[in-house]
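Worksheet: one structure, shown below.
Please treat every number below as a calculation from the coordinates, not as lab data. Just so it is clear, the structure is predicted and the values come from calculations on it, not from any experiment. Don't worry about glycine lacking a Cβ; one is built from the backbone with ideal geometry, like all the others, and counts go over all protein chains shown.
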Amino acid sequence: MLLPRFLTALFGIPAVVLLIRAGGPPYAIFVFAIIAVSLYEFATLMKLGAKPVQAPVLYVFGLLLPAALYFDRYSAAQAGGDNFTGLVIALTVICAMTCELFSSKKYLERIGLTLLGIFMISWCLFHLVALRDIRPDGMSLTFMLIVTVWVMDTAAYFLGKSFGRRQLSTISPKKTWEGAAAGFIASVITALAIGRLTDGAISPRFAAGAGVLIGIFGQVSDISESMLKRAVGVKDSSNLLPGHGGMLDRFDSYIFLAPLMYYYAILAR
């Protein structure tokens, strides 16, 4: 199990680092690809659990929403901005309701799960692009988020496996309070260390707050995605990434953290 995880990381980490450094359209395309694959995995999970979604609405508006967010950031639709995004959000709700209205068997749950997938995946993960685009230190903030999550996950996994005794949640039986504590401590230390490497661009106070945010909500986000998988009776969202499961499994911590880190950076500095 460790060898496939190591090999995937060996090739994946340098690619992610290069894309973050590049920023702009290449990085945005990378995030859009993550969103697209995650939407597919979400739809597949729901289907396996006999909890179907409106696949056309999920895919079309799940990709239109981040596209609208992207173009609202780089073009002036009209005075006031955010016009593309507001339109797509309205159309998402309208189309989800209308499709169910004309369905032969009508399920309100199908509407709810479709909207959950769009806003949980597309809306939340797009903030990885928004975070990278913060000026002048978006690259440093993005590296702080990505690297801190990597270190947090590694510390929680290995120390939890070695010293874990008390179960953290019935949703993820192998996760322990000891592992969660190790992940939290590693998160704060890593964020502070990265902050020091930015030559004052990121203050120690901000870095400590980011470490706390990542250490708590990264693990909560991870367990929340696990809750979806347990609800439909599967272990991984797919087998796309050897040793890591699917795209949703690899980026589950960022579902909560991408928007929280972005708004923390906007509001707390």
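Observations on the structure shown:
- Residue order, fewest to most beta carbons within 10 Å, for ILE171, ILE255, ILE89: ILE171, ILE89, ILE255
- Simple Cβ-charge dipole of the chain, Lys/Arg +1 and Asp/Glu -1, about Cα centre, in debye nearest 20: 560
- Cα-based equivalent ellipsoid of the chain: semi-axis lengths in Å, sorted from largest, via gyration tensor: 30, 26, 16
- Paramagnetic label zone (point 7 Å from Cα along Cα-to-C-beta, TYR263; backbone N under 14 Å) in the range 18-59: none
- Normalised by the number of residues in the range 2-267, the mean separation of alpha-carbon contacts (under 8 Å, six or more apart) gives a relative contact order of 21 percent.
- When the helices of the chain are scored as -39500 (n - 2.57) per DSSP H run of n ≥ 4 and the total is divided over every residue, the value at 222 nm lands at -25000 deg cm²/dmol.
- For the range 28-139, the fraction of C-alpha pairs farther apart than 24 angstrom is 29 percent.
- Counting beta carbons within 10 Å around each of MET247, MET139, MET152 and listing the fewest first gives the order MET139, MET247, MET152.
- Percent RCO, i.e. relative contact order, over the range 122-252, from Cα pairs under 8 Å lying at least 6 residues apart: 18
- Applying a threshold of 30 Å to the alpha-carbon distances of LYS47/LYS175; LYS106/LYS175; LYS47/LYS161; LYS105/LYS174; LYS51/LYS175 flags LYS106/LYS175; LYS47/LYS161; LYS105/LYS174 as lying beyond it.
- Those residues of the range 169-193 whose amide nitrogen sits under 19 Å from the label point placed on PHE158, 7 Å along Cα→Cβ: 175-193
- Diagonalising the gyration tensor over the Cα atoms of the range 139-187 and scaling each eigenvalue by 5 before taking the square root yields semi-axes of 23, 10, 7 Å, largest first.
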